[in-house]
1. I want to confirm something. Restricting to the range B:246-268 and keeping residues that are among the charged types (D, E, K, R) and assigned to a helix (DSSP H, G or I), which single residue is surrounded by the fewest Cβ atoms within 10 Å (Cβ to Cβ)?
2. Within the range B:171-185, can one find any residue that is free of Cβ contacts under 8 Å to residues at least 60 places away in the same chain, of a type in the set (Asp, Glu) and within 14 Å of another protein chain (Cβ to nearest Cβ)?
3. Can B:Glu144 be described as more than 20 Å from the chain's Cα centre (by Cα), under 30 Å from B:Pro98 (Cα atoms) and more than 8 Å from chain A (Cβ to nearest Cβ)?
4. Across the range A:4-23, what is the total count of residues that are at pLDDT below 90 and more than 7 Å from every other protein chain (Cβ to nearest Cβ)?
5. Only one of (1) closer than 18 Å to B:Ser49 by Cβ; (2) surrounded by fewer than 16 Cβ atoms within 10 Å (Cβ to Cβ) fails for B:Leu122. Which number is that?
6. Where residues in the range B:186-214 are within 8 Å of another protein chain (Cβ to nearest Cβ) and at pLDDT below 90, which of them is surrounded by the fewest Cβ atoms within 10 Å (Cβ to Cβ)?
7. Can you tell me which residue among A:Gly35, A:Gly26 is over 60 Å from the mean Cα position of the chain (by Cα) and within 7 Å of chain B (Cβ to nearest Cβ)?
8. Just to verify a result, which residue in the range B:264-308, among those that are at pLDDT below 85 and among the hydroxyl-bearing types (Ser, Thr, Tyr), is farthest from B:Gly198 (Cα to Cα)?
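The values are calculated or read from the model by the stated rules, or taken from the named source; none is laboratory data. Just so it is clear, the model here is predicted, and its values are computed rather than measured. All Cβ positions, even for glycine, are placed from backbone atoms using ideal geometry, and neighbour counts span all protein chains on display.
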Amino acid sequence: MELLTPDFGLVFWMVICFGAVLFILGKFGWPVIVGMINKRSEEIEESILKANEANARLAGTNAEAERLLAEAKNERLELLKEASKQKDQIIADAKAEAAKKAQDLLDKAKEDIQLERDNAIKEIRTQVAELSVSIAEKVVREKLSGDKAGLDMINKLLDEVNIAKS
Amino acid sequence: MNLLSKFITILMILFAPIVAQANEHQESEGEGKIDVKELVFGHIGDSYSWHIIGDIAIPLPCIVYGQNGLNVFMSSELGHGGHYKEYNGYTIAAEGQPNAGKIVEVSTGERPWDISITKNVLFLLISTGLLLWIFLSISKRYKEDYWRKPTGMQAFLEPIIVMIEKDVIEPCVGKNVEKFSPFLLTVFFFILINNYLGLIPVFGSNLTGNIACTMVLAVFTFLFTNLKAGTKHYWLEMINPEVPTWLKFPVPLMPLIEIIGMFTKPIALCIRLFANMLAGHVMQLVLIGMIFIFAQMSVAAASGVSILSCALVIFMTCLECLVCFIQAYVFTTLSALFIGLAQVEPHHEEH
């Protein structure tokens, strides 16, 4: 029975000690501990969410960057193609131009040569004519000695010269 | 098998001196029997001095208020070990007298107002100091940098605090959790620390196995349940429950049951913790006491029994480690449940 009878002294000290622990920890202990644990867990959750969001955004940015890079590469390829085409064009144009110029020069040279030859032929002809005339003069002077036949012949020759000169 | 027999031999050699000494002690006292009852009750009960081993006891201060006013003196003034002296009109009542083992007034044999620092009170003060030191220091750390990874004591206690707070208090109490969680957490850790302090051999005391301690805890639960948590509907349900009229008129059967229930809940809490902790201590003491009982027969019998007893005591201590936690948990859970039940709101839907 002694075990089941609460002792006054112990009850007294229990009330004081438990009351003190309850009051002090209830005021300065538990609210702080539980509050901070909750606060921390909330903050951890929040930070994880934020990190996930940031990661998603970063992944988006990476994709965008890759897309831009691919685009730029394509553009470069196109530009290179264009440039090489232009280069070919320019070379082809230049070649054509050069060929045309060379042809022109050749043509002109041919023309000149022709002209010169014509002139030369003309001169030669003139000289041959003069020469033949002078030869003929000499021949005629020797043969002609004032007779009628001679005179006729002179006339005929003169006509011929006139015709040739006109 | 060889290993086992070797092990038993070693144990027997180890225990033989103890057993022999026990035997010798009995012979020298000249008494035929050792009083196991006294041994057990001496350990689970309270005492005015802190008995360590053999004749070594640390005297503790006695504070009494009787016919000749307030008296403060050390318990050594009253003697110890069954041979009590008179001091300042007080003495300790001898075995067989009323108030045996307590301070009484020599003239009348009555108990004075006695708030002595007994062994249990000393442990109560130690555990109070420990609780305050542990939780104030970790709360300081939480306040300083709560986002840090918990270390040391904080890391050890945080999972327990979180378990009690999130898995016990929040679901059981329901609403107004922040109003009741400080009380419930204090109760849990108070019981836990005192249970474990009581387990320490030689040093420990049986505080939570003392009905005064559990009664005060249960009264606190009672007050919190009825005064702080009890809603208008709770009281209405108590006096005028929703049951067929013949159950409450003319004989108020259900209200009576409800009101009795209001008191039996904390009483059950009180008895459960007290009985569990007491039983654990008694079991261990009886098992140890068995060695001394058998020592009176023969050394060989005692050696055999001592091995068995020690094995059982080790097992019991392991079990007690579990029980200490479970009892603290159960007390807290039930207190939280009672508080939650007292916070009832009327059912809005009409059937």
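1. At the first step, the residues of the range B:246-268 found to be among the charged types (D, E, K, R) are B:248, B:258, B:265.
If we keep only those that are assigned to a helix (DSSP H, G or I) as well, we get B:258, B:265.
Working: B:Glu258: 19, B:Lys265: 21.
Filtering first and then ranking leaves B:Glu258.
2. So far as the range B:171-185 goes, yes, one or more of its residues are free of Cβ contacts under 8 Å to residues at least 60 places away in the same chain, of a type in the set (Asp, Glu) and within 14 Å of another protein chain (Cβ to nearest Cβ).
3. Details: more than 20 Å from the chain's Cα centre (by Cα): yes; under 30 Å from B:Pro98 (Cα atoms): no; more than 8 Å from chain A (Cβ to nearest Cβ): yes.
So B:Glu144 does not fit the description; no.
4. 1
5. (2)
6. To start, the set of residues in the range B:186-214 that are within 8 Å of another protein chain (Cβ to nearest Cβ) comprises B:186, B:190, B:210-213.
Subset that is at pLDDT below 90: B:210-213.
Details: B:Asn210: 28, B:Ile211: 21, B:Ala212: 25, B:Cys213: 30.
Here the residue is B:Ile211.
7. Numbers: A:Gly35 fails: within 7 Å of chain B (Cβ to nearest Cβ).
Matching residue, one of A:Gly35, A:Gly26: A:Gly26.
8. Here the answer is B:Ser298.
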